[in-house]
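Each reported figure results from applying straightforward, stated rules to the coordinates on display, with no laboratory input. All values derive from a computational prediction rather than experimental measurement. Here Cβ is always computed from backbone atoms with ideal geometry, including for glycine, and neighbour counts include all displayed protein chains.
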Amino acid sequence: QLMSPVRRNNPRYLQRVAGIKARDVITPSVLRNARNNLANTGLFIEVKEPVIVSRPDGYYVFYEFEEARTNSFDLLFGYVPQPSGKNAIVGTGRLDVRNALLSGSALHFSFERLQLLVTKLNASYDVRWIMGTPVGAGFSMNFIQQDSTYQVRNVQFTGRYILSGTTDIIASVRSESTSSQGGPGVPLQAFDGSVLFGGIGIE
C-alpha cells in the first residue's frame, strides 16, 4: 500500500486501518471499504478513491488524502458581579486531542458554566483498530451540578467490532447516578438513585 505523505498520523496505523493485506484479491468493494475505513477515522478532510499503481516490484494500492487539523483548544471565562456581593465566574472550555497515547485515539474534555448554578463536565476517550484488529473501545463520563443541591453522574464503557467500512457492532454499559442534598430552609422530596443500562446494536 502507498499513501500520500503524512505529518500528523502514524502511516503504519493508517495502512492497518485501510484493511487491505498483501495477498488480498482487489475488487471494487475492497477498495470502497478501504476508503470508508480511512474516512471513518475522522483524521482527514477528504479521502479520494484509491487507485492501483504499477511499480517494478509489483502492484500497489495508492491512497490520496488531506489530513485534518484534529487538535483544538478553546477557553472562555467571564466575571459576573452579583447584587448580593457574592460574585461568580462563568465560562466554557473544550479540548480535543487525536492520537493521544494510542494511534487513532480521540480524547475529549469540555466544561460549561453559563448559568450561575449549573455546571456541566464531559470527558471521553475512544480508540479504534486496537493493535491492528477491527476492535474499538471507549470510555465517557459526564457530570451535571444543578444548583447546589442536585447532581447527575454518568459513566459509560463502549466496545465495538468493525465489520466493514460502513458497519460496526456496538455494545455498551452505562451507569447513571443522581444525588440530592438539602440545606437549611431547602426541603427536598427527591431521593438518591442509581441505574445501570446495557445495550447492543449496529451502527
statement: Connecting every pair of Cα atoms under 10 Å apart in the chain and solving the GNM, the largest mean-square fluctuation among SER177, SER84, SER103 falls on SER84
query: Between GLN145 and VAL195, what FRET efficiency follows from the Cβ-Cβ distance if R0 is 25 Å, with the result rounded to 0.05?
result: 0.85
message: Output needed for segment 73-175: three equivalent-ellipsoid semi-axes, defined as square roots of 5 times the C-alpha gyration tensor eigenvalues, in descending order, whole Å.
response: 36, 16, 8
- prompt: When all C-alpha to C-alpha distances in segment 1-106 are sorted into bins of 10 Å, what percent of pairs does each bin hold, rounded to whole numbers?
  reply: 12, 35, 21, 11, 9, 7, 4, 1
- prompt: Given a cut-off of under 8 Å on Cα pairs at least six residues apart, what relative contact order in percent is computed for segment 91-203?
  reply: 16
- prompt: What list of ³J(HN,Hα) values in whole Hz, one per residue of segment 41-57 in order, does the Karplus curve 6.51 cos²θ - 1.76 cosθ + 1.60 (θ = phi - 60°) give from phi, with Gly and Pro shown as x?
  reply: 5, x, 8, 10, 6, 8, 10, 7, 4, x, 10, 9, 10, 9, 10, x, 9
- prompt: Between LEU102 and ARG7, what FRET efficiency comes out of the Förster formula 1/(1 + (r/R0)^6) with R0 = 25 Å and r the beta carbon distance, rounded to 0.05?
  reply: 0.85
message: Below 8 Å, C-alpha to C-alpha, sequence gap of six or more: please give me the relative contact order for segment 23-129 in percent.
response: 16
task: With springs only between Cα atoms under 10 Å apart, run a GNM on the chain and tell me which of SER164, SER29, SER172 wobbles the most.
output: SER29
- request: Diagonalise the Cα gyration tensor of the chain and give the resulting equivalent ellipsoid semi-axes, square root of 5 times each eigenvalue, largest first, whole Å.
  value: 46, 21, 10
task: Express the C-alpha Rg of segment 80-130 as a ratio against the empirical globular expectation 2.2 N^0.38 Å, rounded to two decimals.
output: 1.68
field: Dipole in debye (nearest 20) - the chain, about Cα centre, beta carbon charges: Lys, Arg +1; Asp, Glu -1
entry: 400
- prompt: With springs only between Cα atoms under 10 Å, which of LEU101, LEU14, LEU38 fluctuates most in a Gaussian network model of the chain?
  reply: LEU101
field: Hz values of 3J(HN,Hα) by residue in segment 149-164 - Karplus curve (6.51, -1.76, 1.60), Gly and Pro given as x
entry: 10, 9, 10, 10, 10, 10, 10, 9, 10, 10, x, 9, 10, 8, 6, 7
task: In nm, give the distance between the simple-model label positions of VAL152 and ASN71, each being 7 Å from the Cα along the Cα-to-Cβ direction.
output: 3.4
- prompt: What distance in nm separates the simple spin-label points at SER84 and ASN40, each placed 7 Å from Cα in the Cβ direction?
  reply: 5.1
query: Once label points are set 7 Å from the Cα along Cα→Cβ at both GLU64 and SER177, what is their separation, rounded to one decimal in nm?
result: 5.5
query: Pairing the Cα long axis of helix 28-39 with the longest principal axis of the chain, what angle in degrees results, from 0 to 90 and rounded to the nearest 10?
result: 40
